[in-house]
1. Out of (1) out of contact with any His (no Cβ under 8 Å at 6 or more places or on another chain); (2) among the aliphatic types (A, V, I, L, M); (3) over 20 Å from Ala4 (Cβ atoms), what's the single condition that is false for Ala63?
2. Considering only the range 64-90, how many residues are within 12 Å of Cys103 (Cβ to Cβ) and within 13 Å of the chain's Cα centre (by Cα)?
3. Among what's in the range 13-46 and is outside any helix (DSSP H, G or I) and surrounded by fewer than 12 Cβ atoms within 10 Å (Cβ to Cβ), pick the residue that is nearest to the chain's Cα centre (by Cα).
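The numbers here are math on the coordinates, done by the rules we state, and not lab data. Fair warning: this is a prediction, and the values are worked out from it, not measured in the lab. Cβ atoms come from the backbone with ideal geometry, glycine included; neighbour counts cover every protein chain shown.
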Amino acid sequence: MSLADILARHKGREGPLLPILHDVQAAFGHVSEDAIRAIAQDLNLTRAEVHGVVSFYHDFKSAPDARPVIKLCRAEACQARGVDALAAALPADTSVKIETVYCLGLCAVGPAAMVGSDVYARLDGERLKALVNAA
């Protein structure tokens, strides 16, 4: 899917900026400066307005990252169930990118993590290391 296709899909939609940015991030793995410029022009916004939204939300990346991402829940319920110790036990030179999120909706069965669209609960050190190795 091209950027033009994404922009066309959202034509006439009210408040299209965030859905467009999510689609661009999903399609290309990042939101480039060229994409910001094209989105701004298409929506009659300034580049600064679009860049401000991109830089505000942590889900939008300005450059591609080839490493797989594991989103590790660090909300209070997962903290109470030991996620901080799990995260500290991970090697710093891992081949995956560990991102912090605050709540995956699995508070009763934490610690929890998300890889792609799959969620994993009741993590312990071995299960988390297996996720890292499999990603």
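1. (1)
2. 3
3. Among those residues, the one meeting the criterion is Gly15.
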